[in-house]
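Take a look at the structure below.
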Amino acid sequence: MTPRPSAHIARLSPYEWEAMASDVAAAAGIDESEVVRFDTNTTAWPPVAWELTSLDAPRLAANEYPHASNEPLRSALATRLQVRPDQVVVTSGADEALFLLASTYLGPERTAIIPGPSFSMFRVVSEAVGGRVMKVPWDADWDIPRDALLEALREPSVGIVWLCNPNNPTGRLLRAELLEAVLEAAPDAIVCVDEAYHEISGQSLAPLLLEAPNGVLVRTFSKGYGLAGARVGYLVGAPEVTRAIESIRLPQNMTSFGIAAAGRALADQAGLAERVAAIVAERQRLDSELQRRGWEVLPSTGNFVLGRPPTPAIEVAAWLQDGGLIVRSYAGHPRLNDWLRIAVRSPDEDNRLLARLDAL
């Protein structure tokens, strides 16, 4: 008899990726290097401070484990955020930070609140630990309905409220007054704000969030800094929260390379600013070009745009993929079925996407 997983795992719908680049290349009859992923919100440029990181790599003590608390990156992040080092937990990407929070503050008797549509990993990590998910649909203007959210927080079993700033996939910013109301309305729950794209948006609610004992900030080096392959993220919260998180964080969850690369990138704020300026300028161009082709595009503060094409989204996504260009689609989603999310890539890659759209 085959062993059975836990009931909540057996019911879980895993995180859904678009097609693998190797499969797309084979179907399109092109080399895999010619496939462009517009679906993962990664950057087309090398990571910030990459030249220095490349020089560091041969000197890393790869035969030894990294520091147990992932120093010196933890202290560097604490200094930048003006918090104590023990308020920072360095994680293997932001996804591990979300999973650690869910593992600590959710379970079969607890509920996660997710205003949506939002980052699908919120649902995955909540259900992976047996938590119940309560969704609060966004209003017609793509904003979180304040009254509906505060009403949901009256549920006594709420363990975590998942929020995004800016939101993925809409690119809209979270209002400070709404966050303040949520923090006050749910004093016994963790209020987590994922700011994966904050370097690009130029906006952060960290000061407000970290004043509250139940506020937790989650960030990543994957987007603005361009270190998606290094898998470096972190969470910041009150010492009582981070101590609980550290009690279940697996030891040596990071690589020496990831710690070194993130440290170099964090120190190069001038390089980050230059990168962000290029992304924002290209986002504005891509937005305009899509609108010129009849798309409805939501204003975005991330490194992506959410747009509704003038022809069925599923057909547009398939046409682009046949040309080796993968976008994020939402077939069957009650709100996003007709929309596609497209990452901002390099001008040459974006031009290739636009030309493919013109050919359609």
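The values are calculated or read from the model by the stated rules, or taken from the named source; none is laboratory data. Predicted, not measured: the structure shown is a model, and the values here were computed from it. Heads up, the Cβs are rebuilt from the backbone with ideal geometry, glycines too, and the neighbour counts pull from every protein chain shown. Protein only, heavy atoms only, side chains kept; ligands, DNA and RNA dropped before computing areas. Shrake-Rupley method; radii C 1.70, N 1.55, O 1.52, S 1.80 Å.
Sorting the segments 164-173, 334-343 by their mean number of nearby beta carbons within 10 angstrom, highest to lowest, gives 164-173, 334-343.
Short to long, the 10 Å bins of the Cα pair-distance histogram for the stretch 159-250 hold 16, 48, 31, 5 percent of all pairs.
Element breakdown for the chain at a 1.4 angstrom probe: carbon and sulfur atoms account for 52% of the accessible area. In the stretch 146-299, one over the average inverse separation of all distinct C-alpha pairs is 17.5 Å, which is the Kirkwood hydrodynamic radius. Karplus-derived 3J(HN,Hα) values for the stretch 127-135, using 6.51 cos²θ - 1.76 cosθ + 1.60 with θ = phi - 60°, are 6, 5, 9, x, x, 8, 9, 10, 8 Hz; glycine and proline are entered as x. Between the amide H of residue 116 and those of 136, 138, distances stay under 5 Å, these residues lying 5 or more places away or on another chain, with hydrogens modeled in the peptide plane.
Per-residue SASA remark: residue 333, around 60 Å² accessible (1.4 Å probe; ligands, DNA and RNA not included). All Cα-Cα separations within the stretch 88-145 were binned at 5 Å from zero, giving a P(r) of 4, 20, 25, 20, 16, 10, 4, 0, each value a whole percent of the pairs. In this rough spin-label picture, where each label sits 7 Å from Cα along the Cβ direction, the residue 32-residue 67 distance is 3.6 nm. Packing here is the average count of other Cβ atoms within 10 Å per residue, and on that basis the peptides 245-253, 284-292, highest first, run 284-292, 245-253.
Taking amide H positions as modeled 1.01 Å from N, with prolines and chain starts lacking one, the residues under 5 Å from residue 133 and 5 or more places away or on another chain are 112.
Protein heavy-atom accessible surface, 1.4 Å probe, per residue over the chain: 45 Å².
Taking label positions 7 Å along the Cα-Cβ direction at both residue 20 and residue 2, the computed distance is 2.0 nm, reported to one decimal.
Amide H contacts of residue 158 (H built 1.01 Å from N, in plane; Pro and chain starts excluded): 111 sit under 5 Å, all sequence-distant by 5 or more or on other chains. Between residue 188 and residue 267, the modelled labels are 4.7 nm apart [label points 7 Å from Cα along Cα→Cβ]. FRET efficiency for the pair residue 140 and residue 79, taken as 1/(1 + (r/R0)^6) with r the Cβ-Cβ distance and R0 = 51 Å, rounds to 0.75.
Note that the chain shows a convex hull volume over its alpha carbon atoms of 160 Å³ per residue. Near residue 57, once Lys and Arg are set to +1 and Asp and Glu to -1 for all other residues with Cβ below 14 Å from its Cβ, the sum equals 0.
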